[in-house]
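The values are calculated or read from the model by the stated rules, or taken from the named source; none is laboratory data. As the structure is a computational prediction, the values presented were derived from the model and not from experiment. Heads up, the Cβs are rebuilt from the backbone with ideal geometry, glycines too, and the neighbour counts pull from every protein chain shown. Surface accessibility is based on the protein's heavy atoms, side chains included, excluding ligands, DNA and RNA. Shrake-Rupley method; radii C 1.70, N 1.55, O 1.52, S 1.80 Å.
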Amino acid sequence: MKKIIFICTILSILYRVNFAKQSFDQPQIPLSSISTYYDSGISWQSEYRSFDQKSSLLNRYQYFISMSSDWSFQHWGNIRETKNERFDRSSYHHDFLWSVSKTEHISENIDVTYSLTFNQDKSTDEAKPDFESYEVSRKNNSAGLSFNFSLTDTLSILSNLDYIKSNEYNSQHYDKNVDSDGYRLNSKLTFSRNFPGTSIELSSYFDQLTIDYDYHRNYGFKSNVTLTNRRINTLLAFDKQTRNIFLLDNKIDTHTRTNYRTSLSSAATIADGMEIYFINRYNARDNKLKYNSSRNYLDMENQAKIHSNYNIWRLRFFNSGEYNIFSRSFFDDQSSREQSQNIFHTGISYQHSLTDSLVVSQRFALTRTDYTILSNRLDNDELIDETQVSAYLKLNPSINLINHFYYTRRHEVYLQSSMSGNNKITRTYHLLPSLDIEISNYLRLRQDYHLRADYDDYSWDGFHNDRMYRKFSASYAILSHLPLGIDSISYFDNNIPYYFNGNNYENYLEYGNFHNRQSIIINLRYTYDTNDSGFLVNDKYDIYASNVYHTYELELMRKFSRIDLIVTPRYVRTNDTYEFNHKLGLNYYLPGETGFSSLLLNPRGKSIDDITWRVDFSINYEW
């Protein structure tokens, strides 16, 4: 019996929310993966959002049917609708595709696939405000044939030819309807081969669209050769893109962009415990317009880096040097500039034991930016001096201590006197200690701290006041995993992360393979954050902004034999406001690992009257 998968996802039901200030990162189902893992399948996703007289609806679906070992049929579609009741405006877009394919197995290593496709793409934008209404729409219909030849692990040739019929409508134009037709031809060739000590990868592509009111032609080539015995890799790539731009005066401007890329990397072992790595990358982009030549420019970038490691006893010495250069040259020389960067990084690490180590490093970076004569007042240099010290200690079998210290000194200098008032030195200090205490296999205590201080010291008095920014953060957590049943084990015993992020619900789903072990996970966390900003006045910093944040989180997960129940309330209190972000999740696993379903409720907001509701629901089933 052919396997059939059904995925139904209803995502993001949102109610009365300031949409611009929210982030909705829901898990995406890879629609194209169905035909890869199953003989036949169907999937559907739906997402609805509503906020402040605005709403949007998105539907995505696909189904794939293998009618035999040689013939297959697939159809997919995307539909999006948005509506703004305040301005009486709405938009609609859909993209549909139908495809029938036949595969011929010429031999054990050669397959040839022929496909017939139909595609429709339509978009509409309509508004009816008080003063004037309009409607703009565009519809493209296309039909095409494709050919795909593949030689296992060596050669692949893909070619496709489509006929396109287009219609555009604009209610405010004297000629409301414009019809055009044409064709699109694209092809791609890839070749790869492994020889003793050598690996070769070659690829090229060509894409041309020609219709009455649109034209582009793109083509390119890439070569990648690796000498495995000598640890040398070379890359060479070229591509060119040409597009017509239709101007208001009935002229047709031509936009041409040419890209060149090369790289060379090598690695070698000089002596016992000593290795050297080298890499060089070069990129160039030539951008040209036929009529609007003032926007023409040429970009050039080269990056060169050498890195060495030397291991002796318990010590590891590492050094690296970089030289990077970038230039942008405009046709009229306005804003043309060149930037160069020299970086040197050196350090030493000492490993006392498998758990105790110390790392000390120093990094210098000099960046110079030179403009042309027309705008050379912006010429500037920047020198960065950074020191890092990191220590990893296991005080006893149950207590781990990690401490990082960073000091950065950034010196900015503008060479022209008219801009020298911006010359300054910025000093930044970071201290990040962490303490992890394992009370038992099922209970841990975690403490994390972050102290930061920034000081801006300007070179000239009277232009800017020296500034200060400081921050202190402390996080305290109780992390527990209580197994239930004889066959249960601790998350800590199995090296599974014990620190779950309350803002990422999907973290729980990654450990769904433990659904046969009944357990309870309880994480309780409190975080305190405070920061101040001030100006230096009479040798004292005058604080003009201060913020304090208190965050309370509880993560509760109850794992039954086939059901997971997840509750994660989160509450944040600032100076005079508060915000909540609660989550309630439910996972269910079908017998025999034949399917999986989940439900997530996520209310969030700053008050009961201003709340966002997000609902995620998914079903995955196969037989």
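I need a count of the residues in the range 150-165 that are open to solvent by 60 Å² or more (accessible area, probe 1.4 Å) and among the β-branched types (Val, Ile, Thr). Full working, then the answer.
Applying the first criterion (open to solvent by 60 Å² or more (accessible area, probe 1.4 Å)) to the range 150-165 yields 152-153, 158, 161, 163, 165.
Add one more test, that the residue is among the β-branched types (Val, Ile, Thr), and what stays is 152.
Adding up the residues that qualify gives 1.
Within the range 70-92, being of a type outside the set (D, E, K, R) and farther than 22 Å from Glu135 by Cβ holds for Trp71, Ser72, Phe73, Gln74, His75, Trp76, Gly77. Taking the criterion of being closer than 22 Å to Leu482 by Cβ and not in a strand (DSSP E or B), the residues of the range 517-552 that qualify are Arg517, Gln518. Whether a residue is of a type outside the set (Asp, Glu), assigned to a strand (DSSP E or B), in contact (Cβ under 8 Å) with a residue 60 or more places away in the chain and open to solvent by 40 Å² or more (accessible area, probe 1.4 Å) was assessed, and Arg470 passes this test. Of everything in the range 166-212 that is open to solvent by 80 Å² or more (accessible area, probe 1.4 Å) and either among the acidic types (Asp, Glu) or in contact with a helix residue (DSSP H, G or I) (Cβ under 6 Å, 6 or more places away or on another chain) (or both), the residue that is farthest from Leu235 (Cα to Cα) is Asp179.
Within the range 113-126, at least one residue is charged (D, E, K, R), open to solvent by 40 Å² or more (accessible area, probe 1.4 Å) and either closer than 25 Å to Phe64 by Cβ or modelled with pLDDT of 90 or more (or both).
From the list Tyr260, Tyr215, exactly one residue is open to solvent by 40 Å² or more (accessible area, probe 1.4 Å), in a strand (DSSP E or B) and more than 28 Å from Asn141 (Cα to Cα). Which is it? Of the residues listed, the single one that is open to solvent by 40 Å² or more (accessible area, probe 1.4 Å), in a strand (DSSP E or B) and more than 28 Å from Asn141 (Cα to Cα) is Tyr260. Comparison of Thr355, Thr346, Thr387 shows that the only residue that is polar (S, T, N, Q) and not in a strand (DSSP E or B) is Thr355.
Condition check for Met300 on (1) of a type outside the set (Phe, Trp, Tyr); (2) over 28 Å from the mean Cα position of the chain (by Cα); (3) open to solvent by less than 80 Å² (accessible area, probe 1.4 Å): one failure, at (2). Of the listed requirements (1) of a type outside the set (S, T, N, Q); (2) open to solvent by 60 Å² or more (accessible area, probe 1.4 Å); (3) assigned to a strand (DSSP E or B), Trp460 misses just one: (3).
Residue-wise test of (1) within 30 Å of Lys251 (Cβ to Cβ); (2) not small (Gly, Ala, Ser).
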residue	(1), (2)
His307	no, yes
Asn319	no, yes
Arg328	yes, yes
Arg337	no, yes
Gly347	no, no
Arg363	no, yes
Gln388	no, yes
Leu401	no, yes
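For the range 270-301, filtering for residues that are closer than 26 Å to Leu236 by Cα and without any contact (Cβ under 8 Å) to a residue 24 or more places away in the chain leaves 2.
Can you tell me how many residues within the range 99-109 are more than 14 Å from Trp71 (Cβ to Cβ) and either open to solvent by 70 Å² or more (accessible area, probe 1.4 Å) or at pLDDT 90 or above (or both)? Summing the residues that are more than 14 Å from Trp71 (Cβ to Cβ) and either open to solvent by 70 Å² or more (accessible area, probe 1.4 Å) or at pLDDT 90 or above (or both) in the range 99-109 gives 3.
Can you find a residue that is in contact with an Asp or Glu (Cβ under 6 Å, 6 or more places away or on another chain), crowded, with 16+ Cβ neighbours inside 10 Å and assigned to a strand (DSSP E or B) anywhere in the range 306-325?
Looking for residues that are in contact with an Asp or Glu (Cβ under 6 Å, 6 or more places away or on another chain), crowded, with 16+ Cβ neighbours inside 10 Å and assigned to a strand (DSSP E or B), one finds none in the range 306-325, hence no.
Being at pLDDT 85 or above and surrounded by fewer than 17 Cβ atoms within 10 Å (Cβ to Cβ) holds for only one residue in Lys583, Lys540, Lys606, and it is Lys540. Elements of the type strands (runs of 3 or more DSSP E) sitting completely within the range 60-176 and holding at least 1 residues that are without any contact (Cβ under 8 Å) to a residue 60 or more places away in the chain and closer than 26 Å to Asp212 by Cα: these cover 89-105, 110-127, 134-151, 155-170. When each of Glu412, Glu438 is tested for being open to solvent by 40 Å² or more (accessible area, probe 1.4 Å), farther than 21 Å from Asn523 by Cα, assigned to a strand (DSSP E or B) and without any contact (Cβ under 8 Å) to a residue 60 or more places away in the chain, the lone residue that passes is Glu412. If you scan the range 137-146, which residues turn out to be modelled with pLDDT of 95 or more and either touching a Pro at 6+ places or on another chain (Cβ under 7 Å) or open to solvent by 60 Å² or more (accessible area, probe 1.4 Å) (or both)? Listed by number, the list holds a single entry, Leu145.
Any idea how many residues of the range 233-254 are open to solvent by 50 Å² or more (accessible area, probe 1.4 Å) and out of contact with any Gly (no Cβ under 8 Å at 6 or more places or on another chain)?
12
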